[in-house]
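Enquirer: Before I ask anything, let me first share the structure, which is written out below as structure tokens.
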Number of protein chains: 2
Amino acid sequence: MSQRRIPEATVARLPRYLQVLVEAADAGQHTLSSDDLAKASGLTSAKVRKDLSFLGTYGTRGVGYTVAQLTTEISTVLGLSDDRPVVIIGIGNLGRALATYDGFTRRGFRVEALVDADPDKIGTRVGDLVVQAPQDLPSLVRDRGVTIAVLATPADRTQAVADDVVAAGMTAILNFAPGHLDVPDRITVRSVDLSTELQILSFYEQLSQVSAAAS
Amino acid sequence: MSQRRIPEATVARLPRYLQVLVEAADAGQHTLSSDDLAKASGLTSAKVRKDLSFLGTYGTRGVGYTVAQLTTEISTVLGLSDDRPVVIIGIGNLGRALATYDGFTRRGFRVEALVDADPDKIGTRVGDLVVQAPQDLPSLVRDRGVTIAVLATPADRTQAVADDVVAAGMTAILNFAPGHLDVPDRITVRSVDLSTELQILSFYEQLSQVSAAAS
DNA sequence: CTTTGTGAAATCCTTCACAGCG
DNA sequence: CGCTGTGAAGGATTTCACAAAG
């Protein structure tokens, strides 16, 4: 029952499964049951099975899933077959941290270039890379196949930078600046706002304090 | 119709509204319609109205919502009445970036302390703060009212650090390390994994490339 | 005439529970 | 016997569409 449309909620969990699988492979595990996967990722086994059923029939009844096979399958579905090149734009504190973050490297991506608009930053080195100018964006797309931009620019500059990114021909943006980005439909955008996450956390913490006090 | 249980999906959007409201206030706007809010946050007006209806009846028909009033209401619901103190644990590249990130400060939080287990880092300064030892966690809770921990530790140390945080009496964790954290039910956890976000983005980018090629 | 607030419909997601395969 | 794969049930969320308020 392969190749159906994969639900959004499922896509959002695939990276977790992938991570558990990679760790299991490192630990020498050959197969994992849906229950193993569930325990390691904090979910229920039914959810795991449903999720994986959208990818196709990769399990063996009575046994579980083959670690190597499922790893390949999820990587393919996520489009992680090769190291995908990304450019980080905005080399402030956060941008610098992202540039040297080894998690990207270890999980299917390669930081191919760094870009900043500040003339004082252009030409400086961060890790192995030299900061380039926004004018270089089109050539990153053309000559080096970069289609994913990670934005860590100041909030008031982000829409303008996104426009440049789109004009240069990139097709996906991971945005760390607060606020909504307006881009054409063909561009894929995901936004992660660190303060927003803290605010959501704050709500639930407050809630559990209140219900604890009531008991 | 105030004080019902607020759906998770709605809670996750409240910070966006809050941000739009603050910007509108800065721009001198006195009221905003659900459509204004929707356009500024990339949603539909029906969704905005439904969301806000869970907080109570704060709009005026034919006019919209009073910026100041709604700002106060959402802040209260999210528990942002005062600057909430947070501690950042794990002062690597990411931790350092978070420590100096002014977004936290501007949106209801105060970075009250920094903690790292590395003796070489303890005692060093980052911004206005001096890095402390994990042993200081209980006193941060007791003497300075810190209940929220932001974890930016290496993946293989994170569960142990989370255990310390819980033992020290904190009640909320924002986790930036990959992988699942196991904590008691009374603790509120949110995880943000930067690589996961890129992988999800990669899936949707790939998807839109495929459908574009089909046309 | 504009814009809210909301039932009702439609869609999406999770959980249940069990048939069926290895 | 153990574990997957999945229909069907149950919840949650989004969208629709309109009555009512200013």
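Enquirer: Would you mention how many residues in the stretch A:153-182 are more than 10 Å from chain B (Cβ to nearest Cβ), farther than 26 Å from B:T100 by Cα and either out of contact with any strand residue (DSSP E or B) (no Cβ under 7 Å at 6 or more places or on another chain) or part of a loop (DSSP other than H, G, I, E, B) (or both)?
Expert: 6
Enquirer: Need the failing condition index for A:G90 against (1) at positive phi; (2) assigned by TED's automatic domain parsing to the domain that holds A:P15, just the number.
Expert: With (1) at positive phi; (2) assigned by TED's automatic domain parsing to the domain that holds A:P15 applied to A:G90, the lone miss is (2).
Enquirer: Just give me the residues in the stretch B:42-76 being farther than 19 Å from B:R106 by Cα, more than 7 Å from DNA strand C (Cβ to nearest atom) and crowded, with 17+ Cβ neighbours inside 10 Å, in sequence order.
Expert: Matches in the stretch B:42-76: B:L43, B:V48, B:D51, B:F54, B:L55, B:T66.
Enquirer: Only one of A:V210, A:V189, A:V150, A:V130 is of a type outside the set (S, T, Y), in a strand (DSSP E or B) and surrounded by fewer than 17 Cβ atoms within 10 Å (Cβ to Cβ). Can you tell me which?
Expert: The conditions single out A:V130.
Enquirer: On the basis of being more than 20 Å from B:L198 (Cα to Cα) and either part of a helix (DSSP H, G or I) or within 19 Å of the chain's Cα centre (by Cα) (or both), does A:L37 make the cut?
Expert: Judged against the criteria, A:L37 is a match.
Enquirer: Can you tell me how many residues in the stretch B:85-95 are surrounded by 21 or more Cβ atoms within 10 Å (Cβ to Cβ) and assigned to a helix (DSSP H, G or I)?
Expert: Qualifying residue count, the stretch B:85-95: 2.
Enquirer: I'd like the residue in the stretch A:23-32 that is away from chain B (no Cβ under 14 Å) and surrounded by 12 or more Cβ atoms within 10 Å (Cβ to Cβ) and, out of all such residues, is farthest from DNA strand C (Cβ to nearest atom).
Expert: Across the stretch A:23-32, the extreme among qualifying residues is A:A25.
Enquirer: Hey, another quick one. Tell me, yes or no, whether the stretch B:57-67 has at least one residue that is assigned to a helix (DSSP H, G or I) and not assigned by TED's automatic domain parsing to the domain that holds B:V146.
Expert: So far as the stretch B:57-67 goes, yes, one or more of its residues are assigned to a helix (DSSP H, G or I) and not assigned by TED's automatic domain parsing to the domain that holds B:V146.
Enquirer: Any idea which of (1) free of Cβ contacts under 8 Å to residues at least 24 places away in the same chain; (2) within 13 Å of DNA strand C (Cβ to nearest atom); (3) within 12 Å of chain A (Cβ to nearest Cβ); (4) surrounded by fewer than 18 Cβ atoms within 10 Å (Cβ to Cβ) is the one B:D35 doesn't satisfy?
Expert: Failed condition: (3).
Enquirer: May I pose another question? So which of A:L70, A:L52 ends up being more than 9 Å from DNA strand D (Cβ to nearest atom) and either assigned to a helix (DSSP H, G or I) or modelled with pLDDT of 95 or more (or both)?
Expert: A:L70
The values are calculated or read from the model by the stated rules, or taken from the named source; none is laboratory data. Just so it is clear, the structure is predicted and the values come from calculations on it, not from any experiment. For neighbour counting, all protein chains shown are included, and Cβ atoms are generated from backbone atoms with ideal geometry for every residue, glycine included.
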